[in-house]
Every structure is written in C-alpha cells, then in structure tokens.
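Heads up: the structure comes next, in structure tokens.
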Amino acid sequence: MKQTVRKRQLERRPRRSGKHAQSRHLKVMPPWIAFGAATILGVVRSIARSNGRYREAAMSWALAGASAAATGLILGSIEVRRPRCERIRIPIAGLPAPFDDLTIAVIGDFHFRGDYRRANLRQARCWIDEARPDLIVMTGDFVDHLDDLPLLIEELRGIRAPLGVFAVLGNHDYWFDPAAIERALEDLGVRLLVNEHQIIELSGEALVLAGVDDPWYGDADLEATLADAPLPAPVILLAHAPDYIERAARAGVSLQISGHSHAGHVAMPLLGPAVLPMGALRYYRGLYRYQQTWLYVNRGLGGRPLRINASPELTLLRLEAARTLSQ
C-alpha cells in the first residue's frame, strides 16, 4: 500500500525542464572568481605596460591561454575515462558485532549515455563482482534523458548483493520523470527509498538503512523516514545532496552517503573545485566528520566529459565497530 501511494506521489510531481534547471543550480566558487579577476587584471596591466606593443602582448597572452585550455581539455578528457575504486574504512559507534566488516558498494551520478559513462559503469560492475559487497547503494541522478534509461537498465541488469540493492533519487531524476526511474529500478529488483527505511537484520541484530527524498528538488523528510525505526540501532542514511549532513547529524545518524557534487569536475590545489551544485557547497568529496556523524561523498561515474583531479568513482565502504580502531 505504501509503495502504491508513493508511486502516485512521484507521478504527480511537477516536471521541470532539465535545461532550465541546470542553468540555475550551479555556483562558481569564490576562489575561482578571485583567481579569474586577478588573472584578467594582470593581463590588462601587462598589456598596458607593453610600451605600445599592445597587439604583440595581447597575442602572447591569448596563445598562453589557449595552450593552457587545450592542455586542460586533453588531461580532463583522459581522466573522465579512468574511474577509481576507493576503499574506505569507517568506524561506527555501537555497531553490532554481526555488522563488523560489512561492506557497502556505492555507485551513482550515472547521468547515463552510451559513451564513456557506459565503460565507467562496466568497470564499476567488475569491481563490485570482485569485491562481493554485502550491500549496494545508488545515490541518484540516473539519466539526463529518459531515452537513455533502457541503456542504463541493461547495464545494471543482474546487479545483486546478499543484503540487497537500494537507491535514492537525485535532482536530475526530478527534472525528468521520477516515477519512470522507480519503475525501472523495480524491474531490476532495486528498492527505491523515498523517505523510508529498511531494517537490515543479521544474527538477531539490526542496522537501519534509510533514504530521504532528494533534499533539493524532492521533499526530504527525515522524521518520517525514521518513524518506527528500531533506534538506537545505527542508521546509515542515503541522501543525494551532501549538505543534508547537518540535518542528519541532529537526528543522530551514524553515516550519511551522498553524491551530487562530482567533486566539482575541475579541482585544483589551493583553489579547490571550480563549480559546485547547490546542495553540495560545503561538502563535495570524500570522507567528513560532522559532529558525531560521518559523511562520505562519492564523486560519481558520469556527468560532463571533463574531470581534473576529480576522477569517476566506485566506493567500497567497510564498516567497523569504533572500538576496533585506534582513536
């Protein structure tokens, strides 16, 4: 009954134009704005001091800029085709003994098309088959165009884990058709969590796997998500947008798993990421600790065909009882 009500709710959600929405959800980060302004000022001053040889100075700067841009494009187009498998150990306070060494495979932000993203997903599937994780979770943003959904489903066909495969929706899923995404996932045997939780049981002990609706374009409701959960069992929360961690920490969540940011696609030393989406402005890659709650932000497998210091990622998270690690 609950699933039927949810499907009707998803079908009633207003659709948004992907093109319109994408133009409003990205933010150029302040260090890059400052760097760009300083660079422009430096170029103008250099040309102004060129003793009247303005054309030669402008040409030199133009060639230098074009060379840097070409180098970046070449390197970025190579890195986007080289996914990495990240293996992370996370100590969880109060983790029941049966869940010690539990492994969770994290994939998401497919933005699937039949190009390099297919190769990245196939590599991730190979790593998953080798690792044999206990759980598989998907952090949303499955496709950018519904025409590509059948291709993604074929690539995900047969994905399995002993304790199940679970997913949440992302903002891109709401820009098109979240109900269609749910139907496709259901066909794969993947459980979509929309403000819901699933109790994972081993040897009489419980772990709560929860998933909120997309915090930005959906209707995330953590109170409803955790209603009737067997607390104080540890809670693993799936939330597409990583900045939701501040809400999750107030609810006592042990670990939040997110995606959404793609690590900014282009990230440089000192400057950090160039552009980030709303909902991932404070936490955009890797492992964080916020109060007593862990957050892991997966870099995703897809997105725009340019990545520098932000390679595509499959994550294998291994949970360990906090007492087993030196603090």
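Some observations on this one:
- Any hit, segment 269-276, residues being out of contact with any helix residue (DSSP H, G or I) (no Cβ under 7 Å at 6 or more places or on another chain), assigned by TED's automatic domain parsing to the domain that holds Glu155 and at positive phi: yes
- Condition met for Val208 (surrounded by fewer than 24 Cβ atoms within 10 Å (Cβ to Cβ) and β-branched (Val, Ile, Thr)): yes
- Only a single item in (1) among the aliphatic types (A, V, I, L, M); (2) surrounded by fewer than 22 Cβ atoms within 10 Å (Cβ to Cβ); (3) farther than 29 Å from Asn171 by Cα is not met by Ala119, and it is number (3).
- Members of segment 163-183 found to be modelled with pLDDT of 95 or more and touching a helix residue (DSSP H, G or I) at 6+ places or on another chain (Cβ under 7 Å), listed by number: Ala167, Leu169
- Residue in segment 223-232 that is surrounded by fewer than 24 Cβ atoms within 10 Å (Cβ to Cβ) and touching a residue at least 60 places away in the same chain (Cβ under 8 Å) present: yes
- Residues of segment 270-298 satisfying the condition of being within 25 Å of Asp213 (Cβ to Cβ), in a loop (DSSP other than H, G, I, E, B) and touching a residue at least 60 places away in the same chain (Cβ under 8 Å): Met278, Gly279, Leu281, Gln292, Asn298
- Per-region count, segment 139-182, residues crowded, with 16+ Cβ neighbours inside 10 Å, of a type in the set (D, E, K, R), within 24 Å of Ala210 (Cβ to Cβ) and free of Cβ contacts under 8 Å to residues at least 60 places away in the same chain: 1
- Set Gly114, Gly94: member being modelled with pLDDT under 95, of a type outside the set (A, V, I, L, M, F, W, C), under 15 Å from Arg81 (Cα atoms) and part of a loop (DSSP other than H, G, I, E, B): Gly114
The values are calculated or read from the model by the stated rules, or taken from the named source; none is laboratory data. As the structure is a prediction and not an experimental result, all values here were calculated from the model. Virtual Cβ from ideal backbone geometry, glycine too; neighbours counted across all protein chains shown.
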